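*Asks:* Okay, here's the structure, questions in a sec.
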Amino acid sequence: MSKKAKAENELDLYERFPRQLDWNLLRTYIAIVDAQGIRRASEALHLTQPAVSQALKRLEGHLGQTLIKRNARRFEVTTLGKLVYQKAQEIHNSIARLGPLTAGAEVVLEGHVRLLLASRVKSKMLDEVLRDFHNANPRVTLRIDVMPSADIRAQVRQGAAGLGLCLLRGRTLGLKSELFLRQRFGLFCGRTHPLYGQTNLTPDALKSLDFISYPSDQIGGVLSPLAMYREKHVFEGRLRATSTNLDEIIRMTELGLGIGLLPMHLASALEQAGILWRLPPYNGIGPIDMYLIWNPATEYSEAETALIAAFRSRRAKEGGAEIPNLS
């Protein structure tokens, strides 16, 4: 093939590809890579596994390249697959920003902001930032969604939300973060538990008992300090129940299903009411930190930019992260 014919063929490809590509395939591909598998991606997208698998095949067919090498024991994103993932995120990010960018186009600081929170975030600094921001910008509307920290990080990275407050361990590629809330977690049991009412216990008293925790409670996860504490003291009990929702962890702890791992500043009121009983270590485990996160690659609306600035300004004014009162 001559150079001229090759150039014309490449030009034709550039023109045909955007017209023929189903952009939903990119959204599905992002979900597959984020979930590290077809099954988990199908659950996140509320689609069948065959539909998600077929979407991947169609995208690879459009590109004429393998993006993911996978079998029953292997899931590996190819070098090209990583590049496509990065570009797909940029495209998804740009599309996701169209709503917020146009919502406030007529009036300065008139628009919509979506804030993502981990469940049951109790923070005086958070409350005051939202109150002051609303008072200063009454025409900006706000949506707050509660979800697991892993989902918060994924959505902010993809541009589906402007900012979030979530658990974070180490740096996350593509995101900016600032420590916002320092927490300590404690071990608690409900009234029907055998240890309820017992004092001066040692960690050995808990070794063979079942416990309730979170999917991220594992070595290397965002709740790694909890997992490391159990490993240090050789806890032999079963992981009886898990949930990504803190309210459900509290519910199962109250019902006596096992020992619950709870933020001490949230559990203290239930402890004082006699609903929960604190177990060793009595000074808690941690710190386990909550971070403000945002995506520097996102093209933010003025309202979103202002809210991020309000959070950062308040944090700087307070001299850093909030440390809850445990009394």
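*Asks:* Can we say residue 47 is in a loop (DSSP other than H, G, I, E, B) and either in contact with a Pro (Cβ under 7 Å, 6 or more places away or on another chain) or not β-branched (Val, Ile, Thr) (or both)?
*Replies:* Yes.
*Asks:* To continue, here is another question. Considering 276, 292, 266, which residue is under 27 Å from residue 150 (Cα atoms), among the aliphatic types (A, V, I, L, M) and in contact with a Ser or Thr (Cβ under 8 Å, 6 or more places away or on another chain)?
*Replies:* 292
*Asks:* I would also like to ask the following. I'm told residue 196 meets every condition in (1) aromatic (Phe, Trp, Tyr); (2) modelled with pLDDT of 90 or more; (3) not in a loop (DSSP other than H, G, I, E, B) except one. Can you identify the failing condition by its number?
*Replies:* (3)
*Asks:* For segment 151-208, which positions are polar (S, T, N, Q) and either crowded, with 18+ Cβ neighbours inside 10 Å or touching a helix residue (DSSP H, G or I) at 6+ places or on another chain (Cβ under 6 Å) (or both)?
*Replies:* Residues satisfying the conditions are 155, 158, 172, 177, 183.
*Asks:* Further, regarding this structure: Quick one: is residue 142 hydrophobic (A, V, I, L, M, F, W, C) and either surrounded by fewer than 22 Cβ atoms within 10 Å (Cβ to Cβ) or modelled with pLDDT under 90 (or both)?
*Replies:* yes
*Asks:* For segment 258-289, what are the residues that are part of a loop (DSSP other than H, G, I, E, B) and surrounded by 19 or more Cβ atoms within 10 Å (Cβ to Cβ)?
*Replies:* 258, 284
The values are calculated or read from the model by the stated rules, or taken from the named source; none is laboratory data. Keep in mind that this is a model prediction, so the values were computed, not measured. All Cβ positions, even for glycine, are placed from backbone atoms using ideal geometry, and neighbour counts span all protein chains on display.
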